[in-house]
Amino acid sequence: MTGNLSKHKKNIDNIYTKAEVDRRIKSATDEKVDELTKIIDKATENIESDIAQKADKDSVDAEISGVNVALERIKYYGSADVVPSDESWFTVNSTGETITGLTDTGKTQTELVIPYEINGVEITTLFGSTNSISGLPQSILDGSSVTKVVIPKSVTILGEIAFYECSSLNSINIPNSITSIGPCAFSYCSSLTSINISNNVTSIGYEAFSGCTNLTIYCEQGSTADDYARNNNIPVVYTDITDEPTFRSMTVNGDINFINSNRVGMNGVYMVDYEVTAVDTSIPKEHHLTHKADTAEVLTKTNTTEFTPTADYQPATKKYVDDAISAAISAYDAEAMALLGGDAE
């Protein structure tokens, strides 16, 4: 009997109760859940890190891209604020470096910023064309009412009839990169009032600015643009002349109209190195800047001939200067005498 009880006890010890089974299952499950939770947490941490790193990379890439764009705009336009017009507004030649016209959308614009590249090809030339039907010259702005054009520094050539008969155009820049302006490039741009041309332009074609009745050319003395302006009776303003210039002389119809002079202000008196034989006050001040006077035709600064200038840029002879200084001294003495009650020495 005792043996049977022992046998049954041993069998009972080898049997898990439901509660024990549930406990063991729960324990094993909890351990697995903990393990899986740690794996998930680690994976989530890695994912979040990857996302953060990617976000940082994207942010940095965006900043670098923005800086590169700004640098490109500064390089080609001189300012990061200048935004090129849409590439789709322009037509180009077969090799892609020359703009030849505008698309229908481009023709609806009033202001254009020429892109420095189109389809990845740098734009170096602006060149008009010939209408395939009429055979007439056709500018790149043909069919539009564009009033303002900004040209990038990638462009080196303004070709033939580039802006021919663009009567609405009133503002355009010629960047320092331009070396050549072709024939009839700006002919009959009647609304164009001023244009600045640098010394880098070494070639200006025939009638490049013919019919530009309101135009003044801004350039340096002796430049290709200066020669073109004077040879074609276009008003010119010299950009290398300051407000206090040393004027050169010019000869008009055989008369000396201005002489070499250094303008020095003293009590409203202007002293000059030489005195002239004739003065034509109808000639604008800015035009007194062409040819050096023949020294045989001018008098020395010791000349005592009386001449009274009527404008601050006209010369004054020694006599006028001496008389003006004498008058100023006399006036000073009179004022001093009055202040001192007549006791001034």
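Read-outs throughout are calculated quantities, based only on the coordinates presented, and are distinct from any laboratory measurement. Just so you know, these numbers come straight off a predicted model, no measurement behind them. With ideal geometry, Cβ positions are generated from the backbone for all residues, glycine too; neighbour counts draw on all protein chains shown.
Once fully extended, how much extra length lies between R230 and K75, figured as 0.36 nm per residue of separation less the alpha-carbon to alpha-carbon distance?
Fully extending the segment from R230 to K75 adds 52.5 nm.
Points 7 angstrom from Cα along the Cβ direction at T95 and K148: gap in nanometres?
Between T95 and K148, the label points sit 3.4 nm apart.
How far is it, in nm, from the label point at N68 to the one at E45 when both lie 7 Å from their Cα along the line to the Cβ?
The answer from the label model is 3.6 nm.
Label points 7 Å out from Cα along the Cβ direction at T156 and N131: separation in nm?
Between T156 and N131, the simple spin-label model gives 3.4 nm.
N200 to T108: extension gain in nm, 0.36 nm per residue of separation minus the Cα-Cα distance?
29.8 nm
Multiply the residue gap between S190 and V237 by 0.36 nm, knock off their C-alpha separation, and tell me the result in nm, one decimal place.
Between S190 and V237, full extension yields 15.0 nm more.
Against the 2.2 N^0.38 Å scaling, with N counting residues, where does the stretch 87-240 land? I'd like the Cα-based Rg ratio to two decimal places.
Dividing the Cα radius of gyration by 2.2 N^0.38 Å gives 0.98.
5 Å is the cut-off here: which amide hydrogens, built 1.01 Å from N in the peptide plane, fall below it relative to Y218, excluding neighbours closer than 5 in sequence?
I195, N196, I197, V237
Please arrange S139, S94, S144 by how many other C-beta atoms lie within 10 Å of their C-beta, fewest to most.
Exposure proxy ranking, most exposed first: S94, S144, S139.
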